[in-house]
Amino acid sequence: MGLPRFFPEMKIHEFEFHPRFYDPIKDEMKQRRARIRKELGKETSEDTRIIQKGTFTRMYERRRGDLKQANIRRAVIFMILLIGAYFLNQYLHFI
C-alpha cells in the first residue's frame, strides 16, 4: 500500500505532430523561385510589399469618398423617414 496522496502523480504527455498535407513539388518550386530571385538581385519575397510614395494619401482619399457617400445616403434616408413620419402624423390626425 503506500501513503494516500491528495494529488495524483503527473503523467508524461507526449506530443505527436502529423502534418496534414505536404506538397514536395510546391516546396521545390518555392525554393527555386527564391534562388532565381536571389540570382537576379531581387531580394524581396512575394509576401513583402513595397510602400510607394502617395499610398496613404490615395487610401485616405478613397476612404473619405466612401464616408461622404455614406453620409449622403444617411441624410437621404433620414429625410425620407421625416417626411413619412409627417404624413403619417397628418393621416392619423384626420382619423
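Readers should treat all values here as calculations from the given coordinates under stated rules, not as data from a laboratory. Here the structure is a predicted model, which means the values were calculated and not measured. Here Cβ is always computed from backbone atoms with ideal geometry, including for glycine, and neighbour counts include all displayed protein chains.
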Excluding residues fewer than 8 positions from K38 in its own chain, the lysines with Cα under 24 Å of it are K26, K30
Expressed in nanometres to one decimal, the distance between label points 7 Å along Cα→Cβ at Y91 and E16 is 7.1
